[in-house]
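See structure below.
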Amino acid sequence: MTPLEERLKAALDARAQTFDADPNAWTRVRRRIAPRARWKRWAPAALPVALIAALAPFLLGGGQPGNPATDPQAVYDRLMKDKTPTGEVLKVEEAPLRLWTAKGAQGRPELCFLTWHDGGNPYGACDSAVITGAMAVRGVGAIQTGNEAEILDFGLARTTAVRGEATTKDGRTLPVKLHRGQGRPGPIWTLRHRSRDQVTAVRFFDADGGQAGFIYTKSGFAATQQPTGAELSAAEGVSIRPYRVAGAPLPEGDSLQWTRGGRVIGMLPSDPKLQFGNQPVQIFVDDGLVAGAVRKDIAKVEVVIDGRTVVLTASPDPWKWGVGLLAPVLTGLDDTAVITETAAFDAKGTELWRKRHPGLPNMEPTEPIGRAVTVPGTEDFSFGPVRLWMAKSPTAEPGDKLRLCSSGGVTDEGRELQQCISLINPMSPDEVESTAVSYLPGPGAIVEFGLSRDYAAAAFVSEDGTRHPVRFLTLEGAPAPIWYSRRPLAADLAVFVYRKRGHQLEEVSDAHLCGQSDTPARPAQSMPSGLVFDMSKHCLRVWKNGEEQGTDIRAVPGQKLRDSLGEERPVKWHHVGDRWYGVALPGTVRIELKVDNGETLRAQAVPDRLDQDVALFEGAVTGPMARKRAQNWDRTLTGYSADGKVLWTHRESADQSRR
C-alpha cells in the first residue's frame, strides 16, 4: 500500500466509526470515472520535458502537500462541507474506492465516493441520491480497478433487490455483487469486468424472481470511435483524448473529447475552421466544474459565474493540435449557476476578447394568466407552499402556448424549484404532469400534479395497496381542472389509476406498465398449447419455452384482475407471434375475435387457478394476422358460456387501448 493509500484508508476508517445510520435516505449516483495517473506512463516518452513541466499544474490541479487536490482528508472535508454522513462506509475490495451516504442542502439524500490510484490524486464527488415512486435503481458509476484492462461499475439498487446480473453486447451474462450495510437505503452493487466489454444493461431481481429495476448503460465509447492518441487525465476526474469516428470524412471525423464520470462533457473538432468559430474560447460546464479549450495564443480565461470570477489557466495540448487546454476548476456551484461573462487574455495579461452572455438560454419567457393557487397540504415544503398558475409562452408555436407553472419545493441542487411545462406531451398525450419534492421535514414528501383528462377520480397506489388520493383544483386559463396528490417521498409506488367521467372501471396509466421477470413465479398455470400463466408483482405474465411474452395486463395492488373487468370492458388480451391470449369475465369458455377485414380468431378459456377470479384464454393466430398485429384493425370480441350462449360482446377500434 502506498503512503497516499495508507493516509486515505486511515482517514476513511476513522470517519467510518462515527457515521450514524439513516434508513430513510434514498440514493443515486451519476456515472463518473476517477482520474487515472496514466500520463506518468506515457508522458516522458511522448512529450518534451519542457512540455511536461508546462502541463504539471493542468494534470495535478495545483497539487501540493496539504492541497485539496492531493490530500485525501482535504478532499473528504470539501465533499462533506455542509453535509451530514448517514451510513456506514463501503470499502470495495476490487478497487481503491470508498462509498457512503450523506444529507446535503435542504436535507437532500446524497451518495458520495472517494477513489485514488498509485501516484495519482484522490478524487471524489457527492451527487443527489433519491429513489422515488416506481424507480427501482438510481444511477451508475465507474472507475478503473487499478488495472487498465478492468472497470468497476457501481450503483445503488432498491431494498427488494436480492440478485443482479449484467449483459454485454455480445450476449454474455456477468454476475453483479450486492453489498448491504447499516444505514444504507438499499444495497450498493458492483460489477467488475474487462474494459473492452460493452455492458449494455444491469438488471436486478427480487426474491420472487420479479424485476426490481434495471439500468441501460454502455462502458467506454461506441465501437465506431477509435482513440488516435494517449489519454490525458486531468484534475477533478476529467479525461481528454482524441478520437476518430470510423468512416467519417477527415478532418470532420476527428475530435478531442472531454469526459467526466463516463459522460462526454465537451468536444472540439480537429478542423481549425470548426474549433472556435467567431470566439476564441470553448467552455464546458458539468456539475459545478468548469473546463474547456482556447486558441493557442490565449494563456488565461476569466469566467463570471453566479457573480463569482473563476480563473482558468491554459496549457498547450500534447497532441500538437495547436490549441490550449484549460485546467479544470471545481467551483462548488451547482447546475443552476449561470455564466454571465467570459474574457480571454494572452501571456502578458492583455485582454484579447470579452463577451457578456444574456441570461439563461434555456429559460422560456412566460406571461402569467390569473393568480397563483396554493396546493393544499404543502405548507411544510422547503420554499413552500407549492403554488400553481397558468401562463402563456409568447415564443412558442401556435397551439402550444399554454404552460402549467409551479413554485416551491427543491431542485436536486437544493435550490427553490420553479418550472413551467407544456400542455402538449407528444410521447403520451393523455399525461401532462410534473412534481415538486421536499426532503424536509424528514423523511420527505412529493406532490405530483397535472392536467385532468376528464378524470372523475384518480389515485397513486403503493405496492402494499395504500392509496394516495388525487384531488382537484381550478386555475384561471386552464382548459381543464388540475389534479394533485401528495405522498411520502419513499412510498413504494406501483401505479397511477384513474376513472374517467361516464365510466365504471379504473384505468392504469401507461407510465406504469409491467417490467420483465426472471423466471416463472409460483403458483403457475399451464395451458394446452404449452403457454404458462403466472402472477408476479401484480402483473399477469405469460411464458413460452421459458421465455416471457408481453402482456401489460396487471391488477391494481390490493385488487384482483377481476376488478379490472366489467360490462364496459369484459376482456383484456395480447397478441405475440402465433398466439393471442388474455383474461375475460369468469364463466367464459370460448372467445371469438372478428376483425373488420373478415378474419376470425378463436380461443378456448378456462377458470384461472391464480386466485384472480377470471377466465384465462389462449388461441392460435393464422392468416395475415400472423404477420401483422390484430390490433391494426377494428374488431369485435364475443365471449360464450358453457351452454353456447353469448355471455358478453365487446367492440374495439384500431387505436383503442387494450387495458
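Descriptive notes on the structure:
- Scope segment 531-580; condition over 24 Å from Asp208 (Cα atoms) and among the β-branched types (Val, Ile, Thr); matching residues: Val571, Val576
- Yes/no for Glu431 being surrounded by fewer than 16 Cβ atoms within 10 Å (Cβ to Cβ) and at pLDDT 95 or above: no
- Count of residues meeting criterion [of a type in the set (Gly, Ala, Ser) and exposed (fewer than 15 other Cβ atoms within 10 Å of the Cβ)] in segment 571-583: 1
- Taken over segment 462-496, residues that are closer than 18 Å to Gly444 by Cα and open to solvent by less than 30 Å² (accessible area, probe 1.4 Å) amount to 8.
- Residue selected from segment 584-601 under the condition modelled with pLDDT of 95 or more and among the charged types (D, E, K, R), by the criterion surrounded by the most Cβ atoms within 10 Å (Cβ to Cβ): Arg590
- The one condition from (1) of a type in the set (A, V, I, L, M); (2) under 30 Å from Gly104 (Cα atoms); (3) part of a loop (DSSP other than H, G, I, E, B) that Val329 does not meet is (3).
- Subset of segment 555-570 (residues that are open to solvent by less than 70 Å² (accessible area, probe 1.4 Å) and farther than 15 Å from Lys537 by Cβ): Ser564, Leu565, Gly566, Glu568, Arg569, Pro570
- Within segment 536-546, the presence of a residue that is over 28 Å from Arg203 (Cα atoms), crowded, with 19+ Cβ neighbours inside 10 Å and among the hydroxyl-bearing types (Ser, Thr, Tyr) is excluded.
- Enumerated strands (runs of 3 or more DSSP E) restricted to segment 71-170, each holding at least 2 residues that are closer than 30 Å to Asp208 by Cβ and modelled with pLDDT of 85 or more: 90-92, 163-168
- Looking across segment 436-448 at every residue that is open to solvent by 50 Å² or more (accessible area, probe 1.4 Å) and modelled with pLDDT of 85 or more, the one that is farthest from Gly399 (Cα to Cα) is identified as Pro441.
- Considering (1) open to solvent by 70 Å² or more (accessible area, probe 1.4 Å); (2) under 31 Å from the mean Cα position of the chain (by Cα), the lone condition that Leu388 does not fulfil carries the number (1).
- Breaking point among (1) of a type in the set (Val, Ile, Thr); (2) touching a strand residue (DSSP E or B) at 6+ places or on another chain (Cβ under 6 Å); (3) closer than 24 Å to Thr159 by Cβ, for Ile482: (3)
- Filtered residue count, segment 177-196, keeping only those that are assigned to a strand (DSSP E or B), within 22 Å of Gly87 (Cα to Cα) and open to solvent by 10 Å² or more (accessible area, probe 1.4 Å): 3
- Ala291 modelled with pLDDT of 85 or more, of a type in the set (A, V, I, L, M, F, W, C), more than 30 Å from Phe154 (Cα to Cα) and in a strand (DSSP E or B): no
- Complete set of residues in segment 337-348 that are open to solvent by less than 70 Å² (accessible area, probe 1.4 Å) and either without any contact (Cβ under 8 Å) to a residue 12 or more places away in the chain or acidic (Asp, Glu) (or both): Glu341, Asp346
- Of the residues in segment 268-277, at least one is assigned to a strand (DSSP E or B), modelled with pLDDT under 90, of a type outside the set (Gly, Ala, Ser) and closer than 21 Å to Pro242 by Cβ.
- Matching residues, segment 166-189, being of a type outside the set (Gly, Ala, Ser) and touching a Phe, Trp or Tyr at 6+ places or on another chain (Cβ under 8 Å): Val176, Lys177, Leu178, His179, Pro185, Ile188, Trp189
The values are calculated or read from the model by the stated rules, or taken from the named source; none is laboratory data. Owing to the predicted nature of the structure, the values given are computational and were not obtained by experimental measurement. As a convention, Cβ positions derive from the backbone with ideal geometry for all residues, glycine included, and neighbour counts pool all protein chains shown. The area values use the complete protein model at the heavy-atom level, side chains included, leaving out ligands, DNA and RNA. Shrake-Rupley method; radii C 1.70, N 1.55, O 1.52, S 1.80 Å.
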